[in-house]
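S.K.: Shown below is the structure under consideration.
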Amino acid sequence: MTFKLGTRGSPLALAQANMTAAALRQAHGWAEDATEIVVINTKGDQVQDRALAEIGGKALWTKELDAALLDGRIDCGVHSMKDVETQLRDGIALAAMLPRADVRERLLGAESIAALPQGAVIGTSSPRRAAQLKALRPDLRTEVLRGNVATRMAKVEAGAIDATLLAAAGLDRLGVKAGHLVPLDVMLPASAQGAVGITARLGDEAVLAMLAAIDDADTHAAVLLERGFLAALGGSCHSPVAALARLEGELVHFRAEILAEDGSERLAGELMVPRAHAADEVAALAVRLLGEASPAVRALFDPA
């Protein structure tokens, strides 16, 4: 039997799929040819000239992979967790996560956000990044920038934009040494940033057991809390929201914020709570922040 891992075809997606395959081979003592990487072309990869929110949201990264999983073409799907919708498709289980990498951003084009020139143009397709930048520097302008890491870096190098932000985890996994780390007290990351998740068919106990062997329990627990915060907000890819959970023994340190699209409003919260009660406390924080927000910010979310 060859264990088939489905992935998008970008260099980063392939790197993450190969990391997952290597982890499975090591965990189970499999030979090199026991795993196969299956590239699935997604609509998100095909349409590069518009923001994700305009063309269908995060499902554009996962829909085709989910279909391949459900019809048996692949045994599991490998995803950047920040690209996975909070509500999984029927029949799909989130089976495992690899150990989380650096959750911070890297800024390309300047040494820091403060060092960006007045009125600088920042390329990003992320409503969160755009809102956070404008909250810090209302003079900054943003324009939609999509594509893989190399495409985004080339835009900065060519002077088409002044700067861009990329996840440090992605650059590290590609072996790209570029940009300057943005401290977490300056910019909180997207929910699940830096985490690689593996999906499988619900009820496929043999595959679920294989994947359980490579699951990093602390990463999984932290990411589920961040996704729970998003779910409680009713957040989507339109919604400027950041969240980060850190496990500290039996406690969870949780930080989050929601913002107006133009950065003119920012509501932040922080918790230090026992792990046993963390899910309920995180959901309550989402409700509190929405309650404190203006109608314009509340309109960016759709709580259940």
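The values are calculated or read from the model by the stated rules, or taken from the named source; none is laboratory data. From a predicted model like this one, the values you see are computed outputs, not experimental measurements. Here Cβ is always computed from backbone atoms with ideal geometry, including for glycine, and neighbour counts include all displayed protein chains.
S.K.: For region 252-270, name all the residues that are out of contact with any Lys or Arg (no Cβ under 7 Å at 6 or more places or on another chain) and assigned to a strand (DSSP E or B). It would help to see each step written out before you state the result.
M.R.: Going through region 252-270, the residues out of contact with any Lys or Arg (no Cβ under 7 Å at 6 or more places or on another chain) turn out to be 254-256, 258, 260-261, 264-268.
Across region 252-270, the qualifying residues are Phe254, Arg255, Ala256, Ile258, Arg266, Leu267, Ala268.
S.K.: Mind listing just one residue for me: the one in region 215-252 that is in contact with an Asp or Glu (Cβ under 7 Å, 6 or more places away or on another chain), touching a residue at least 60 places away in the same chain (Cβ under 8 Å) and small (Gly, Ala, Ser) and, of those, nearest to Ala296 (Cα to Cα)?
M.R.: Checked region 215-252; the qualifying residue nearest to Ala296 (Cα to Cα) is Gly234.
This table checks each residue for (1) out of contact with any Cys (no Cβ under 8 Å at 6 or more places or on another chain); (2) aliphatic (A, V, I, L, M); (3) buried (at least 19 other Cβ atoms within 10 Å of the Cβ).
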| residue | (1), (2), (3) |
| --- | --- |
| Gly175 | yes, no, no |
| Pro183 | yes, no, no |
| Ala190 | yes, yes, yes |
| Gly228 | yes, no, yes |
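S.K.: Another question about this same structure. With outside the structural domain of Ala21 (by TED's automatic domain parsing), surrounded by fewer than 23 Cβ atoms within 10 Å (Cβ to Cβ) and of a type in the set (Gly, Ala, Ser) as the only criterion, which of Ala222, Ala243, Ala279 stands out?
M.R.: Answer to the check: Ala279.
S.K.: If the Cβ limit is 6 Å and pairs must be 6+ apart or interchain, which residue in region 88-107 that is over 15 Å from Ala221 (Cα atoms) and at pLDDT below 95 pairs with which residue that is not hydroxyl-bearing (Ser, Thr, Tyr) and not in a strand (DSSP E or B)?
M.R.: Matching pairs, first to second residue: Arg89/Asp66.
S.K.: Still on this structure, I have one more. Look through region 5-17, keep the residues that are of a type outside the set (A, V, I, L, M, F, W, C) and buried (at least 18 other Cβ atoms within 10 Å of the Cβ), and return whichever of them is nearest to Ala67 (Cα to Cα).
M.R.: Gly6
S.K.: So which helices (runs of 4 or more DSSP H) stay within region 124-178 end to end and still have 3 or more residues that are in contact with a Ser or Thr (Cβ under 9 Å, 6 or more places away or on another chain) and under 28 Å from Asn41 (Cα atoms)? Even if it seems obvious, please write down each step before you answer.
M.R.: Numbers: elements: 127-136, 149-157, 168-174.
So the answer is 127-136, 149-157.
S.K.: Let me ask something else about it. Looking at region 290-303, which of the residues that are within 20 Å of Phe254 (Cβ to Cβ) and in contact (Cβ under 8 Å) with a residue 40 or more places away in the chain is surrounded by the fewest Cβ atoms within 10 Å (Cβ to Cβ)?
M.R.: Looking at the filtered set, the residue picked out is Pro303.
S.K.: Restricting attention to region 186-214, report how many residues are outside any strand (DSSP E or B) and either more than 17 Å from Trp30 (Cα to Cα) or without any contact (Cβ under 8 Å) to a residue 40 or more places away in the chain (or both).
M.R.: Counting residues in region 186-214 that are outside any strand (DSSP E or B) and either more than 17 Å from Trp30 (Cα to Cα) or without any contact (Cβ under 8 Å) to a residue 40 or more places away in the chain (or both) gives 16.
S.K.: If you don't mind, another one. So, in region 133-167, how many residues would count as being small (Gly, Ala, Ser) and buried (at least 21 other Cβ atoms within 10 Å of the Cβ)?
M.R.: Taking region 133-167 and keeping what is small (Gly, Ala, Ser), we get 135, 147, 150, 154, 158-160, 163, 167.
Next, only the ones that are buried (at least 21 other Cβ atoms within 10 Å of the Cβ) stay: 163, 167.
Going through region 133-167 one residue at a time, the tally reaches 2.
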